[in-house]
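Read the structure below first, then the notes.
The values are calculated or read from the model by the stated rules, or taken from the named source; none is laboratory data. As the structure is a computational prediction, the values presented were derived from the model and not from experiment. Positions of Cβ are backbone-derived with ideal geometry, glycine not excepted, and every protein chain shown enters the neighbour counts.
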Amino acid sequence: MDINPILLLAALMVASTPILLAAIGELVVERAGVLNLGVEGMMITGAVCGYIVGHGTENPYFGFVGAAFAGAALSFVFAALTQFLLTNQVATGLGLTMFGLGLASLIGQGATGSSDLIVGKLNLPIISDIPVIGRILFQHDPIVYVSLLLVAGTWWFLSKSRAGLILRAVGENHDAAHALGYNVRLMRVLAILFGGACAGLAGSYISLVRVPQWIDGITSGAGWIALAIVVFASWNPWRLIAGAYLFGGVTVLQLNLQAEGLKIPTEYLSMAPYLATILVLVVIRAGRAPGSLGKSFHPSS
Amino acid sequence: MREKLLELKGLTKAYPGVVANSDVTFTIGKGEIHALLGENGAGKSTLVKTIYGLVKPDTGTMLLDGAEFRPAEPKAARASGIGMVFQHFSLFDALNVAENIALGMENPPPFSDLSSRIKSVSETYGLPLDPARIVGDLSAGERQRVEIIRCLLQDPRLLIMDEPTSVLTPQEVATLFDTLRLLSSKGTAILYISHKLEEIRTLCEHATILRLGKVVGTCDPRETSARDMAEMMVGSKLHTPTNAGKKAGEVLLELKGLSAPAPHRFGTALKSISLSVRSGEIVGIGGVAGNGQDELVAALSGEMGTGAQMIFLDGRDIGAASPNERRALGLCAAPEERNGHAAAPDMTLTENALLTARTRKQLTKNGFVDWEKAREFARDVIAAFDVRTPGPENAARSLSGGNLQKFVIGREIMQKPRVLVVNQPTWGVDASAAASIRQALLDLAAEGAAVVCISQDLDELMEISDRFAALNGGELAAPRPTEGLTVETIGLMLGGAHDMEPAHV
């Protein structure tokens, strides 16, 4: 056994980032009372768009931005359907996932080959050079830190800001929020767009940093894991980090174990992260879902 | 005469198929406590929503302090000094008191300031409230305080209260009235909607009466009897339920030491309840909500399992029988909460009728639903109990509270049960409809059924029941004949429950 724990922990942060990004977006969506099951579809659309834009402009950061726009655009379809045409959120979300998978496949027809774009790593004097901690925490690409800042920002927004309070109110009891004169649909559409942008960014992180190349079906269920982790975290941004890092950690660990040639069939190792997430989900079941989660709203009174 | 605060001139609002308000004109003075009366569906809610900016009138104008007032949304109404306490609380369970209050304000101060302001207002008006508590954990009275304080923090000039007392205990009602009188003396006008005419007589100085969307009269409630006001609302003579002086027959329902643990954390355990109800008799059970009423209904209807040898119907132990088996044997029940318990809100009235009447009205044939028959039964209930709805294919949710109440009670009565258990049968129902529900209960008993009526309305129990018993902390006192009992003695029977003293109104 020569798995390097420092490298393992460092890899954990990278492996967890796409899930964390997608999950923080979905958390905001759900706190607004909307259940968007289309995370996987928006993620993979983001992955392919990010890859193409990144290579077209030869700048990965344009790729990230493009992916966020692509994810938001796809989520706008969901927003229009569920918020204005009042379609069922579960069915529409599932449809969005399937549509996104197909769309990404179509867009990505010619986009093959591994990515040679360089995403710079953080290199702070002194801090990045601290032994152990520097390697684990402070030598990553900027998106890793963006994801953590997004979590902190979301926490601040939800618990401290006026707009965040209104968003929670809309998700908790949309009829009451409407009676008080808040624009439930506008709030929800904005939340859905934010969720879509986060999912798109998450997808492009996979195709531009983590893998990095475009392959069909590259997100391989990460969107679903993100959805599950939102519930596991009981809609609390800080607990989201724990959930995402647990999944990412087990993923990296099992990859390392596979490389070590551990005498366990690889199928078992591959299923380990999913199994671990489900187990934790079952054991830790705290908190209450937002009161209006998944319910359609029509402003008539 | 008081100085004019708000003038309504010729307000009209029509919805497809129904004119909610038609040429409504009246004036509210500064600091006046003004009652708005009307049956369920008379257009009171639409009118106050218009004032609060939730509904835009088709024609007509409003003048506030002589200037035109046309709120485009509640925000604008609040900015002009209109506050509203809703019938169904517009609160957010998962948020705390301060957050809930901040949501109802235009420019809430930072939370530390807000908390101290909440404290000071709650002390001024005698409404104790802790800003940090989660609203979901509060009692109905405390939740209402949150709404009131939310309005008071914005120094309203007009406070609209839609059925504020329907969920309060008598003591809470007394506290609320003190607060409202204090507000009025400080110059805040109050537009007060309630079905409880006696409350209006003690509180309000002016009343406007609506019928079918039109103003049909005004009066000074302090000098008008409740009966006269009720007749103005209905537009015809009010029918007082008459007791046909029937004879009690053999025992139909018997409880022998009925005990059951509390079904959930906030429930009440039933403690050795013994009671026998005879054919032709109505037994009234009073007590403050939360003393085991819901549990008793659940145990009798079969919704909650109980041990053997506790509940007998015709001398037969039915403790293990399911609700449907009990219905087949002749025991029907109507629980209190109409939305979600007595009725499935998103299902149509026909479907709701089918849900409990399937067995007794034979609405299924060979395992298939006989929709024609179910629809017919629903139509019968609608006609017999004057349920205001376009038809049996409308969702239960679309009915106003009082109308749905008439439907769920009517549905059970129309099944001609031999034993009927009802909880709060006239809750939120206007005076004339309440009278007809009470009459239907009396008629059912006169035909030989045994009726158990659980209610918090002592006047109602005095009016219809033959015997009265108090339920307190899950224990039932021995019933006493109602004849000769006064509300005061009943208050004493509720031993220790001094809350039940009629609010000194």
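Search the range B:31-44 for residues being of a type in the set (Gly, Ala, Ser) and more than 14 Å from B:Thr208 (Cβ to Cβ), and hand back the single one that is nearest to the other protein chains (Cβ to nearest Cβ).
So the residue we want is B:Gly41.
Within the set B:Leu47, B:Leu91, the sole residue that is at pLDDT 90 or above, surrounded by 19 or more Cβ atoms within 10 Å (Cβ to Cβ), within 14 Å of another protein chain (Cβ to nearest Cβ) and outside any strand (DSSP E or B) turns out to be B:Leu47. Within the range B:437-459, residues that are touching a residue at least 24 places away in the same chain (Cβ under 8 Å) and closer than 13 Å to B:Ala248 by Cα have Cβ atoms under 6 Å from residues that are surrounded by 21 or more Cβ atoms within 10 Å (Cβ to Cβ) and of a type in the set (Asp, Glu) in these pairs: B:Ala450/B:Glu281, counting only partners at least 6 apart in sequence or on another chain.
Given the criteria within 30 Å of A:Asp216 (Cβ to Cβ) and free of Cβ contacts under 8 Å to residues at least 12 places away in the same chain, does A:Asp141 qualify? When the stated conditions are applied, A:Asp141 does not pass them.
Of the residues that sit in the range B:107-145 and are among the charged types (D, E, K, R), more than 12 Å from chain A (Cβ to nearest Cβ) and assigned to a helix (DSSP H, G or I), which one is farthest from A:Gly164 (Cα to Cα)?
That would be B:Glu123.
When B:Thr27 is tested against the conditions (1) free of Cβ contacts under 8 Å to residues at least 60 places away in the same chain; (2) over 27 Å from B:Glu199 (Cα atoms); (3) of a type in the set (Val, Ile, Thr), the lone failure is (2). Against the test of being more than 14 Å from chain A (Cβ to nearest Cβ), touching a strand residue (DSSP E or B) at 6+ places or on another chain (Cβ under 6 Å) and closer than 25 Å to B:Leu197 by Cα, the options B:Leu176, B:Leu158, B:Leu168 yield a single qualifying residue, B:Leu158.
Can you find a residue that is facing another protein chain (nearest Cβ under 8 Å), at pLDDT below 90 and either in a helix (DSSP H, G or I) or under 22 Å from A:Arg162 (Cα atoms) (or both) anywhere in the range B:51-72?
no
Close Cβ contacts (under 6 Å, 6 or more residues apart or on different chains) running from residues in the range A:122-134 that are touching a residue at least 12 places away in the same chain (Cβ under 8 Å) to residues that are part of a helix (DSSP H, G or I) comprise A:Val132/A:Ile6.
Of the residues making up the range A:233-277, not one is among the acidic types (Asp, Glu) and either at pLDDT 90 or above or in contact with a strand residue (DSSP E or B) (Cβ under 8 Å, 6 or more places away or on another chain) (or both). If the condition is being surrounded by fewer than 22 Cβ atoms within 10 Å (Cβ to Cβ) and outside any helix (DSSP H, G or I), then the range A:222-234 contributes only A:Ser234. One residue is enough: does the range B:332-352 have a residue meeting the conditions closer than 28 Å to B:Ala433 by Cα, hydrophobic (A, V, I, L, M, F, W, C) and surrounded by fewer than 23 Cβ atoms within 10 Å (Cβ to Cβ)? The answer is yes, given that some residue of the range B:332-352 is closer than 28 Å to B:Ala433 by Cα, hydrophobic (A, V, I, L, M, F, W, C) and surrounded by fewer than 23 Cβ atoms within 10 Å (Cβ to Cβ). What about B:Gly104, is it within 11 Å of another protein chain (Cβ to nearest Cβ), under 26 Å from B:Leu6 (Cα atoms), within 30 Å of the chain's Cα centre (by Cα) and buried (at least 19 other Cβ atoms within 10 Å of the Cβ)? So B:Gly104 fits the description; yes.
Here's the yes/no breakdown for (1) in the same structural domain as B:Arg181 (by TED's automatic domain parsing); (2) under 22 Å from B:Thr188 (Cα atoms); (3) within 27 Å of the chain's Cα centre (by Cα):
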residue: B:Ala20; (1), (2), (3): yes, no, yes
residue: B:Leu37; (1), (2), (3): yes, yes, yes
residue: B:Ala76; (1), (2), (3): yes, yes, no
residue: B:Phe92; (1), (2), (3): yes, no, yes
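Considering A:Leu262, A:Leu293, the condition of being free of Cβ contacts under 8 Å to residues at least 40 places away in the same chain and assigned to a loop (DSSP other than H, G, I, E, B) is satisfied by A:Leu262 alone.
Screening the range A:156-214 for helices (runs of 4 or more DSSP H) wholly inside it with 2 or more residues that are more than 11 Å from chain B (Cβ to nearest Cβ) and surrounded by fewer than 24 Cβ atoms within 10 Å (Cβ to Cβ) returns the ranges A:184-205.
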